[in-house]
Amino acid sequence: MLEKSLKGNLGYWAWVLFLLGIIGVGVICYIVQYNYGLGATGMSRDVTWGIYISQFTFLVGVAAGGLMLVLPYYLHHYKDFGRITILGEFMAIAAVAMCMLFIMADLGQPMRALNVIFHPTPNSMLFYDMIVLSGYLFLNVVCGWVVLHSEYQGIKYPKWVKPFIYISIPWAVSIHTVTAFLYCGLPGRHFWLTAILAPRFLASAFAAGPCLLMVIALIMKRTTKFDIGRVAQDKLVTIIGYAALLNFFFLGCEIFVAYYSTIPGHMHTLDYLYFGLTDHATGQVYNNLVPFMLASVVMGFAGIGLIFVSRALKSDQLLALSCILIFVSFWIDKGLGLVLGGFVPNGLEQITEYYPTFVELGITAGIWATGFFIITVLYKIAISVKLENEKTA
Amino acid sequence: MYNKGTIIPGLIIFVVLMLFAIFNNAGKKIEAPKVEKPVGYKECVKPVQYMKESHMELLNVWRDEVIREGKREQVEAGGVLYEKSLQNGCMHCHTNKTKFCDVCHTFASVYPYCWDCHVAPQEDLALKEAR
Amino acid sequence: MDSSRRKFLKIAGISAVAGIGAPSALNMLMKKEVQASSDGGGHGAQPDAHGAPAGHGAAPTGKRYGMVIDAVKFHDNPGLAEKCIEACHTYFNVPDFGNKKDEIKWLWQVPFTNAFPTDESHYKKDDRTHGMQFLVTCNHCDNPPCVRACPTKATFKNADGIIMMDFHRCIGCRFCMAACPYGSRSFNWRDPRGSKDGVPFIKKINPEFPTRMRGVVEKCSFCDLRVKKGLQPLCVEATGDTKAMVFGDLNDPNSEISQVLKARFTIQRKPSLGTMPSVFYII
């Protein structure tokens, strides 16, 4: 089946080469970071996690978001999702692979990463995160590959995969829940210390994951003969729309709790993210994330509005635009604000702002390119198989 | 078999390349490294043969005992007590890292990261020179 | 064999396995529980336990080291705090990178607002307290969030209640730094043995103690290696006869520190978080 990825037109190869180029840049940047240490990034004593861990957090969401494409088909026998479940599973594979790469990029001693297994520590949430992430990767590789391979051979998938498919559904919820638990179980980090963090993560995941898939599906609709179908598209709009609305509802709950209770610790980070936080000792205002966070809110609401309009108008362009808006909005919210904001102010109520370095951005781009490379190859295989089957059928 | 013409020569080239190191060094006389032994000390904390083979294991055991279990009691060798410590124990007698540790490690192509943190006697001076 | 018999055997087999495994598993859990409670109460204990004569939590066993820092004495002895920091940082080869981003510190000074952010009152701003500097360091909590977070047990609580760092095992994930509510931990963002413009980050390497390598977390160790030998931590030693710092066993009612805690009103940093710090302040 892999040979399907070796046959493609000029556009396909140009895209693959482009991705490989960015991966190359990422590798060079990583060598720089490896030789110098993590000081090559913009992280500091006060902001100890930067863009790597925030990308990791966001991408766990994208991986979990694949659930929204698998669940209706396998659990509710919703036949119109028959063409996209495999895309959901393959997207999850790429997203989890990116997550693992971001973790590796963030380790100060990557050569000792296996210490997590040699010295298992069940009281650490990272221990569980390792288990659920590698488990989810395994489940999606098995389910996705076996189901597609059966289709390739023109037979129904074997019975033994069924349990794995069913396990993968709650497992998707677990990966994002455990990732939220990394943050929300830490005393003294008020911004993260909220029981609603896991639900908030899941809501944004169930919107962002399908959004990415939708954009890719619309691109494929243009460039290949593969069309997921109007019915599936419309259903996805419902899923994305409601999940995105839920995300903002949860965000609203956070804002209410902070500003109605007016407990300083609860307001500080929200102040920093949305309005700018003043250091009372010096009078300086820190607000480097404010434009991003405000853009996130505006883009999120605009996207939600437009996505329902696009369905009414049956406009693919508008649909793509609204999906991009929502995806970027949630990427800012979770892939920037959530992790970086949690460190401002620090435990001594001092403020340090974080700016990523070029090396850091290079590695980040390289890992994203790796993810897109995996998606490209896997999707190429999937749609080749699907299109071939339909031709013979 | 498909592509017999390329696969078999390819395999042969691969095997030859892999075995090159053996051909190249066959029959050559290679001398074992000579380590400089500490002057004035007769006995180590363990028999010489054990130390030759398993000093790294002993160091790992000491490391865990000292840091993790708080067992900092001293060890005895030839009637003298030593600290369970690389830089304050072993290097008390084996004062020359280059002529004791490195000679063998380099010969065997092993590069332990002990010295990324631990300070060998006089190494602080060597470090200063390097800077 | 008919299906009902097969089913019966299956269930019997599974319950046998479970029956053998469960008690030992339960046992393990219980043991852990017991250990946790003797460690100072775990999650259930009240954070206000520091008022009790025994120091911390219920049924203390073994040693539990703690420290009292008399901020008033430090205020009255200018330069004393700097002496303590110097003693600590030179012995433990703590590098000075000359910038805030790479900064590593085990013991340092901050104003009241930063040391006790939740204790600040809007109107009570007496000049003395707000003019004072407070030495802060690792609190060696009874219920340490960093130990809970560490995925490799590289940071752990030893038998004397000291929170230790095993630099050999640390993978540099910095989860402990996110977990610590006191900002007590530092990370080696770059090689501490390097230098800039010919000035080494570690001015003079102390051959008695290792340096660190890049990519690991470090922090105050309450001088565990000295304490084990019956010595006082270096910072305490540096205060000399001023009694600005008192170090000792909180579980021993006759220790000097227990006497001080009994006689004086002290505060801890962020006690409401339930971490139960072992560092106390006289203000």
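None of the figures in this text is laboratory data; all of them are computed from the coordinates on show. The model shown is predicted, which means the values in this text are computed figures rather than measured ones. Backbone-built Cβ (ideal geometry, glycine too); neighbour counts: all protein chains shown.
Could you please tell me the mean projected area of the C-alpha convex hull for the stretch A:1-138, averaged over all directions and given in square nanometres to one decimal?
On the way: hull surface 47.0 nm².
Mean orientational projected area (the stretch A:1-138, Cα hull): 11.8 nm².
How many nm separate the modelled label positions at B:Met18 and A:Val298, each set 7 Å beyond the Cα in the direction of the Cβ?
In this crude spin-label approximation the distance works out to 6.2 nm.
Along its three principal axes, how long is the stretch A:155-248 when you only count alpha carbons? Whole Å, largest extent first please.
53, 35, 20
As a test of the definition: which semi-axes, in Å, follow for the stretch C:231-283 when you take the square root of five times each eigenvalue of its alpha carbon gyration tensor? Largest first, please. Walk me through the intermediate numbers first.
Working: eigenvalues 77, 36, 27 Å².
Taking √(5λ) for each eigenvalue gives 20, 13, 12 Å, largest first.
Using Cα-only point scatterers and the Debye equation, what is log10 of I(q)/I(0) for chain B at each q in 0.09, 0.19, 0.20, 0.22 Å⁻¹, rounded to two decimals?
Normalising to I(0) and taking log10 leaves -0.44, -1.19, -1.28, -1.45.
For a test of the definition: using alpha carbon positions, the gyration tensor, and the 1.5 limit on a/c, classify the stretch C:186-283 as rounded, prolate or oblate. Working shown, then result.
Numbers: a/c = 2.52, a/b = 1.88, b/c = 1.34.
Cα axes put the stretch C:186-283 in the prolate bin.
Most fluctuating residue of B:Asn88, B:Asn96, B:Asn25 in a GNM of chain B with Cα springs under 10 Å: which is it?
B:Asn25
Normalized C-alpha radius of gyration of the stretch C:77-135, against 2.2 N^0.38 Å?
Numbers: Rg = 14.2 Å, N = 59, 2.2 N^0.38 = 10.4 Å.
Working it through for the stretch C:77-135, the quotient is 1.37.
Would you please calculate the Kirkwood hydrodynamic radius of chain A over all C-alpha pairs and express it in Å, rounded to one decimal?
After inverting the pairwise mean of 1/r, the radius is 21.9 Å.
Hydropathy at least 0.5 by Kyte-Doolittle, axial extent at least 30 angstrom from the Cα trace: which helices of chain B, defined as entire DSSP H runs, fit?
Details: long enough: B:4-25 (32 Å, 1.84).
Counting only whole DSSP H runs, the qualifying helices are B:4-25.
Mind checking the stretch B:3-75 for GluC sites (Glu not before Pro) that DSSP puts in a loop (not H, G, I, E or B) and that have at most 12 other Cβ atoms within 10 Å? Working shown, then result.
Values: sites: B:Glu31, B:Glu36, B:Glu43, B:Glu53, B:Glu57, B:Glu65, B:Glu69, B:Glu73; in loops: B:Glu31, B:Glu36, B:Glu43, B:Glu69, B:Glu73.
Sites meeting the loop and neighbour criteria: B:Glu31, B:Glu36, B:Glu69, B:Glu73.
Need one number: the % of Cα-Cα pairs in the stretch C:118-241 sitting beyond the 20 Å mark.
Values: 4320 of 7626 pairs.
Roughly 57 percent, rounded to a whole number.
Rounded to the nearest 0.05, what FRET efficiency do B:Gln74 and B:Thr98 have when you use their Cβ-Cβ distance and R0 = 30 Å? Walk me through the intermediate numbers first.
On the way: r = 27 Å, r/R0 = 0.89.
That gives a FRET efficiency of 0.65.
For the pair A:Leu75 and A:Val142, how long in nm is the line joining their label points, each one 7 Å along Cα→Cβ?
A separation of 1.9 nm, rounded to one decimal place.
Could you work out the relative contact order of chain A, using alpha carbon pairs under 8 angstrom and six or more residues apart, expressed as a whole percent?
30
Suppose R0 equals 56 Å. What FRET efficiency, 1/(1 + (r/R0)^6) with r the Cβ-Cβ distance, do C:Glu86 and A:Leu313 give to the nearest 0.05?
Working: r = 72 Å, r/R0 = 1.28.
The value I calculate is 0.20.
Could you tell me which of C:Ser184, C:Gln109, C:Pro151 has its Cα farthest along the dipole of the stretch C:64-282 towards the positive end, charges placed at Cβ (Lys, Arg +1; Asp, Glu -1), taken about the Cα centre?
Result: C:Pro151.
With a/c under 1.5 counting as rounded, go ahead and sort the stretch C:64-282 into rounded, prolate or oblate using the C-alpha gyration tensor (a ≥ b ≥ c being the square roots of the eigenvalues; past the cut-off, prolate if a/b is larger than b/c, else oblate). Before the final figure, lay out each step's value.
Details: a/c = 1.43, a/b = 1.32, b/c = 1.08.
Since a/c stays below 1.5, the shape of the stretch C:64-282 is classed as rounded.
Plugging the Kirkwood radius over Cα pairs into Stokes-Einstein for the protein assembly as shown, at a temperature of 20 °C and a viscosity of 1.002 mPa s, what D comes out in µm²/s? Each step should come with its number before you reach the end.
Details: Rh = 30.2 Å.
D = 71 µm²/s.
May I ask you to work out the translational diffusion coefficient for the stretch A:49-201 at 25 °C, viscosity 0.890 mPa s, via Stokes-Einstein with Rh from the Kirkwood sum over Cα pairs, reported in whole µm²/s?
Numbers: Rh = 16.5 Å.
It diffuses with D of about 149 µm²/s by this estimate.
May I ask which residue of A:Ala205, A:Gly88, A:Leu137 lies farthest towards the positive end of the charge dipole of chain A, with charges of +1 (Lys, Arg) and -1 (Asp, Glu) on Cβ and the Cα centre as origin?
A:Gly88
What's the FRET efficiency of C:Ser195 with B:Ser109 using the Cβ-Cβ distance as r and R₀ = 30 Å, to the nearest 0.05? Write out the running numbers ahead of the final one.
Details: r = 29 Å, r/R0 = 0.97.
It comes to 0.55.
For the cross-link pairs C:Lys73/C:Lys196; B:Lys71/C:Lys100; B:Lys37/C:Lys196; C:Lys125/C:Lys203; C:Lys219/C:Lys243, which exceed 30 Å when the distance is taken from alpha carbon to alpha carbon? Each step should come with its number before you reach the end.
Numbers: C:Lys73/C:Lys196 37 Å; B:Lys71/C:Lys100 37 Å; B:Lys37/C:Lys196 37 Å; C:Lys125/C:Lys203 40 Å; C:Lys219/C:Lys243 24 Å.
From C:Lys73/C:Lys196; B:Lys71/C:Lys100; B:Lys37/C:Lys196; C:Lys125/C:Lys203; C:Lys219/C:Lys243, over 30 Å: C:Lys73/C:Lys196; B:Lys71/C:Lys100; B:Lys37/C:Lys196; C:Lys125/C:Lys203.
With 12 Å as the cut-off, how large is the P(r) tail for the stretch A:297-354, expressed as percent of Cα-Cα pairs? Walk me through the numbers on the way to the answer.
On the way: 1114 of 1653 pairs.
Summing the P(r) of the stretch A:297-354 above 12 Å gives 67 percent of all pairs.
Taking only the C-alpha atoms, wrap a convex hull around the stretch A:326-371 and report its volume per residue in Å³ as a whole number.
Details: hull volume 4.0 nm³, N = 46.
That works out to 87 Å³ per residue.
Modelling each spin label as a point 7 Å along the Cα-to-Cβ direction, I'd like the A:Ile255/C:Asp119 distance in nm, to one decimal.
A separation of 3.6 nm, rounded to one decimal place.
Put +1 on the Cβ of each Lys and Arg and -1 on the Cβ of each Asp and Glu in the protein assembly as shown; which of A:Leu17, C:Cys173, A:Val62 then has its Cα farthest toward the positive end of the dipole?
Farthest towards the positive end: A:Leu17.
Under 23 Å between alpha carbons, and skipping anything fewer than 8 positions from B:Lys34 in its own chain: which lysines qualify?
The qualifying lysines are B:Lys42, B:Lys46, B:Lys52, B:Lys97, B:Lys99.
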